[in-house]
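Comments concern the structure below.
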Amino acid sequence: MNRLLLLSSLVFLTWSCQQNNGNTNRVIFAGEIVNPTSENVILFRGEEALDTALLDDDNRFSFSLDSVTEGLHHFVHRPESQYVYLENGDSLQIRLNTSDFDESLVYSGQGEEVNNFILEMYLSREEEQSLIQSLYYLEPGDFQVKIDSLRTSKLELFDQIQTEFDISPKASDLARAFVEYSSNISMEAYPFYHRRRSGEGEIHDLPMTFYDYRKNINYNNHDFTYLRPYYNFMKYHIGNLAYNHCKQNCPKDMNKEGRHLHSNQHKLYLIDSLFTQKELRDNLFRSVAIDYLLRHDNEENTIEFIDSFKKYSENNAHDEEIYTLYQSILKMQPAKDLPNFTVYSFDDEAVEISDIKPRETVVYYFWSGSQAGHFKNLMKRVAELKTEYPNYHFIGLNMKTDKANWKNMVKSYKLDPSEQYWTEDYDETVNTLIVYNPNKAIIVKDGKIVDAFSHMFRSF
Ligand SMILES: [Zn+2]
């Protein structure tokens, strides 16, 4: 793609949109979406939707806001989303093509430098991840040197941008935090990945200076709450702290069967003691709760975990989600009936899921039309399992796919239509049947749940 050509057309756009009616705070955020996948763009600050802009006939949208709370925002063009950093007086344009969402995105206009820098850091992540994966076998001192140098080269790049352009202190803090916390995630992860990579049974002793960056951790910076690297760093950091606390202070609890429960309770305790900012606390508490619940501990432990959660996290903004999941999980315990859930047959018939082969052993698995790689692997696995377990019925439940598309796929891949069903509402499917892992399977015998958290590739 010719970026220069693209930029010159954007300059024109910028000019035509810069009528701010005398309000110097006015923020314009506009652009063009090639191959749109929905009819609008929604602008968010944290979890709050600030405004929605419809695409016009030329697939252009425009937000004009009297002012913003300066800082990180994000925009959503379903099903994708991306960051946008906004300050008062900004007039920012984007252009993107949904067939290559993040890679095609370009920001231009007032505010472009910091946005393009953050985007570049965001895009370099994947490549860097595979590099860092290859470094985990190194001894701690060598690993630290490598990570330091990666961090330094990025910060130097940003310093250079800062000498050329006028970037506000707040934008600068955010861009730097993006770099710092991203690289510190690897430091927090190192002891565990190194143990696995090196085959050492114990966590390696670390040099005194290994965790020096921890002196500069800001646990309560409201501006960073929705910055992914910051948030992900905190998750790794809490995991690391909890592991070491428990190893020193509660080794007995870590050896018995309730270890999973104990370490997650310990994480709740740490979040409560380290973080004061409500939004961040709520998000971190949520993350521990969802993570714990989805790993399906036994019923007794699950109930005890929720009691601890209640104790530490009062009026969590995500209570509804967490308690709904908790209730759904209690309903999915072994020996219980399958919950009520309607699916659709290839002949458009509404069927209760429990009425599919009610007196047999049924294995439900899940797929969606948009994940071609997963679909092929899964179908190969289904074919293997069918040969291995000829008495089981393997039933595919399709999610997140237009019904006509689904039928086309069933036909073109020659799937047996009597073994394929379509689900209408994605959220309802995920919440009722608890589908958070793409390879999840539910095993049912004679209408009773055997294992609702089984795995197509690992459990058989
Ligand atoms: Zn502990």
* Within the stretch 72-102, how many residues are within 21 Å of the chain's Cα centre (by Cα) and either over 26 Å from Tyr230 (Cα atoms) or not aromatic (Phe, Trp, Tyr) (or both)? -> 15
* Structure fact -> Out of (1) surrounded by 19 or more Cβ atoms within 10 Å (Cβ to Cβ); (2) under 26 Å from the mean Cα position of the chain (by Cα), the one Gln420 does not meet is (2)
* Of all residues in the stretch 181-224 being over 21 Å from Gln133 (Cα atoms) and of a type in the set (Phe, Trp, Tyr), the one that is surrounded by the fewest Cβ atoms within 10 Å (Cβ to Cβ) -> Tyr219
* To do: Please verify whether the stretch 240-253 includes one or more residues that are free of Cβ contacts under 8 Å to residues at least 60 places away in the same chain, within 16 Å of the ligand (Cβ to nearest atom), among the hydroxyl-bearing types (Ser, Thr, Tyr) and in contact with a Gly (Cβ under 9 Å, 6 or more places away or on another chain).
  => no
* Only residues that are in contact (Cβ under 8 Å) with a residue 40 or more places away in the chain, farther than 21 Å from Asn25 by Cβ and of a type in the set (A, V, I, L, M, F, W, C): list them for the stretch 51-109, please. => Leu96, Val106
* Asked: Only one of Leu284, Leu261, Leu293 is crowded, with 19+ Cβ neighbours inside 10 Å, more than 13 Å from the ligand (Cβ to nearest atom), among the aliphatic types (A, V, I, L, M) and at pLDDT below 95; which?
  -> Leu293
* Is at least one residue of the stretch 77-100 touching a strand residue (DSSP E or B) at 6+ places or on another chain (Cβ under 6 Å) and of a type in the set (D, E, K, R)? -> yes
* From the list Ile185, Ile217, which residue is more than 16 Å from the ligand (Cβ to nearest atom), in contact with a helix residue (DSSP H, G or I) (Cβ under 6 Å, 6 or more places away or on another chain) and within 22 Å of Tyr269 (Cα to Cα)? -> Ile185
* Structure fact -> Picking from Leu92, Leu119, the residue that is farther than 27 Å from Asp212 by Cα and in the same structural domain as Lys170 (by TED's automatic domain parsing) would be Leu119
* Quick one: which residue in Leu227, Leu206 is more than 16 Å from the ligand (Cβ to nearest atom), touching a residue at least 12 places away in the same chain (Cβ under 8 Å) and within 22 Å of the chain's Cα centre (by Cα)? => Leu227
* **Exclusive hit being surrounded by fewer than 11 Cβ atoms within 10 Å (Cβ to Cβ) and either closer than 17 Å to Ile443 by Cβ or in contact with a Leu (Cβ under 9 Å, 6 or more places away or on another chain) (or both), set Arg381, Arg359** => Arg359
* **Conditions (1) modelled with pLDDT of 95 or more; (2) acidic (Asp, Glu); (3) touching a Pro at 6+ places or on another chain (Cβ under 9 Å): number failed by Asp205** => (1)
* Report the residue count in the stretch 343-354 for those that are charged (D, E, K, R) and at pLDDT below 95. => 0
* Asked: Within the stretch 105-128, can you find the residues that are farther than 19 Å from Asp173 by Cα and of a type in the set (Phe, Trp, Tyr)?
  -> Tyr107
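Could you pull out the residue among Tyr213, Tyr226 that is assigned to a loop (DSSP other than H, G, I, E, B) and either assigned by TED's automatic domain parsing to the domain that holds Gln144 or not aromatic (Phe, Trp, Tyr) (or both)?
Sole residue among the options that is assigned to a loop (DSSP other than H, G, I, E, B) and either assigned by TED's automatic domain parsing to the domain that holds Gln144 or not aromatic (Phe, Trp, Tyr) (or both): Tyr226.
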* Identify, please: which residue in the stretch 264-276 is closer than 27 Å to Asn298 by Cβ and more than 12 Å from the ligand (Cβ to nearest atom) and is, among those, surrounded by the most Cβ atoms within 10 Å (Cβ to Cβ)? -> Ile271
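The values are calculated or read from the model by the stated rules, or taken from the named source; none is laboratory data. This structure is a prediction, so every number in the text was calculated from the model and none was measured. Cβ sites come from the backbone with ideal geometry, for glycine too, and all protein chains shown count toward neighbours.
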